[in-house]
Amino acid sequence: MLNAEVLNNNDTVGELYARFGASSFAVQACPDNTPTLWVERSQLIAVLQHLKNQFPMLLDLFGVDERLREHKPASAKDYTVVYHLMRFKPVAEIRIKASVCADDISLPSACGIWPNANWYEREAWDMYGIEFSGHPNLRRILLPPTWQGHALRKDHPARATEMAPFSLDDEKQQQEQEALLFKPEDWGMQRATDDTEFMFLNLGPNHPSVHGVFRIALQLDGEVVVDSVPDIGYHHRGAEKMAERQTWHSFIPYTDRIDYLGGVMNNLAYVMSVEQLAGITVPDRAKVIRIMMAELFRISSHLVFYGTFAQDVGQMSPVFYMFADRERLLGIVEAVTGGRMHPAWFRIGGVAQDLPKGWDKMVREFIDAMPARLDHYQKMAMDNSILKQRTVGVGAYNSQEAMDWGITGPSLRATGFDFDLRRDRPYGGYDQFDFEVPTAHNGDCYDRAVVRIEEIRQSLHIIRQCLDNMPAGPYKSEHKLTTPPPKERTLQDIETLIHHFLNVSWGPVMPAGEASFPIEATKGINNYHIISDGGTQSYRTRIRTPSFPALQQIPLISNGLMIADLIAIIASIDFVMADVDR
């Protein structure tokens, strides 16, 4: 546990004390050892501006309803906004918190410091009703414009059975339809100039090239994109709200459905956050099994990207080859876990069960065959002159722009920025593995594909090391909060049987506190920030996904290009709408 004395000796905290005075801040100790400081509203923007030079990325911004929290910090009022900042070299994080009362629920906007704060502040307003003065267009982002209330407030129902039955008469349907009409003036757009009349086009939310229920309202001059407004929320299922009603254990399957192409990679960030909160040490065998399964799903996700990327720019054949490889990979996943896309197989403290007999033969056959397949795909797709013409130099951005907009993972590395959490701040056992971090240089559509393809090769290299060096030992910790506790002992003594029964039926009781654990997921940094109030359920679970900020950046990299270029840009981003909307 990080204590106040250690936190006060942190270099960044010392600079803040010297610049603003130690009395301007209140310290919160957290199990994840991330410096966490509370600041008054009047000094919030000055503090954030000062930190921007050291922490170039606003990794996340989210709200918390503190009103029912029994173990809340002394500085917390009714609602809190958390600013999670990140530095890459050397890797460091800091959390700044500002709290407001229910009768004055307003904070100044941080959009002038980080442009990606725009969507995060809209989400905080949508979910909690927190106003951000100076925001350019504060409106709902995930819930419909006609929604009543703020869904993540503690007084808002968490289940449909707690609400009145849904009905849709003709009058209400008409209101809903009118609310969805795009009004250019609301977004600062002109319908015409003295010499041009603009056309407005809905791309999506039902269109094969937008990869899910995603809508972009386009302002066009002929086929040139003058401006665009990404419109999300059509896939919103309230995952963060559901986390508050599920036990720590039973929420694991819900995480699978966030980035539904990432499988157990979703489980990893969540269970590691809980383990950090509870002080659970995971056995070495479980660590290596987790890494192997996570890298298998990295390959699976990248194969989907590879095939659909080629398809969106006009190639039909590659997607069939790559999905065939993915099918073989999912066969391995099924043999090991019993599930395929959503195995929900990781557990707090380890994994659900040990590896089955014959797992090594299946894995070895797959990783031995894949390099030659990738060589074939390189000739088929990436060396194709039409694909290059559609993607080279299109949708480019530099490293600074990527950090301003919260872009992480392969899309950040495509700009030449050499950073990967697995190497630069190893977690879960990655420090025991040898692998390279692929980068590119131009930050365009083509380079975003190049990086992901090379990452497949590196994941194969990591999996081979798992295969050749799988340690013996338990697959799950024997910590009392492991879920479920080891079944083998339940028939030996009554205490263990009772413990097992309570952990499965009610779930473990996690100590009060909060922690987060960012990981290098398939599409970028995925982070679960969890708050426990000392119970069997989460008080607040915040899911930071890489896809959410990626879509916010679309106007920056598409305005001034053609509609066909926009299709290539969307294909190259590698997003999943469930990862955006949650």
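For the stretch 465-560, the alpha-carbon coordinates run over 70, 42, 19 Å along the three principal axes, in decreasing order.
Pairs from the table (Lys480/Lys523; Lys72/Lys241; Lys361/Lys476) lying more than 27 angstrom apart at Cα are Lys480/Lys523. Kirkwood radius for the stretch 167-315, taken over all pairs of different Cα atoms as the inverse mean of 1/r, rounds to 19.7 Å. Straight Cα distances below 23 angstrom link Lys52 to the lysines Lys89, Lys97, with same-chain residues fewer than 8 positions distant left out.
Between the stretch 250-279 and the stretch 119-164, the alpha-carbon centres lie 25 Å apart. Between the stretch 368-401 and the stretch 15-55, how far is it from one alpha carbon centroid to the other, in angstrom? About 43 Å separates the Cα centre of the stretch 368-401 from the one of the stretch 15-55.
Of the listed peptides 406-412, 141-147, 56-62, 174-180, what is their order by residue-averaged count of other C-beta atoms within 10 Å, with the highest listed first?
406-412, 56-62, 141-147, 174-180
Sorting the segments 92-102, 374-384 by their mean number of nearby beta carbons within 10 angstrom, highest to lowest, gives 92-102, 374-384.
Dividing the convex hull volume of the alpha carbon atoms of the stretch 248-390 by its residue count gives 113 Å³ per residue. Remark: the Cα gyration tensor places the stretch 4-133 in the oblate category, a/c being 1.5 or greater and a/b not exceeding b/c. For the stretch 410-477, the Kirkwood hydrodynamic radius from C-alpha pairs, put into Stokes-Einstein at 4 °C and a viscosity of 1.567 mPa s, yields a diffusion coefficient of 98 µm² per second. Taking every DSSP helix (H) stretch of at least 4 residues in the chain, weighting each as -39,500 (n - 2.57) and dividing the sum by the residue count yields a mean residue ellipticity at 222 nm of -11500 deg cm²/dmol.
Across the chain, Cα pairs under 8 Å and at least six residues apart give a relative contact order of 17 percent. Taking the Cβ of Phe366 as the center, what net charge do the other residues with Cβ under 12 Å away carry, scoring Lys and Arg +1 and Asp and Glu -1? Neighbourhood net charge equals 0. Using only alpha carbons, the chain has a radius of gyration to Kirkwood radius ratio (Rg to Rh) of 0.96.
Each reported figure results from applying straightforward, stated rules to the coordinates on display, with no laboratory input. All of these numbers come straight from a predicted model, not from anything done at the bench. Cβ sites come from the backbone with ideal geometry, for glycine too, and all protein chains shown count toward neighbours.
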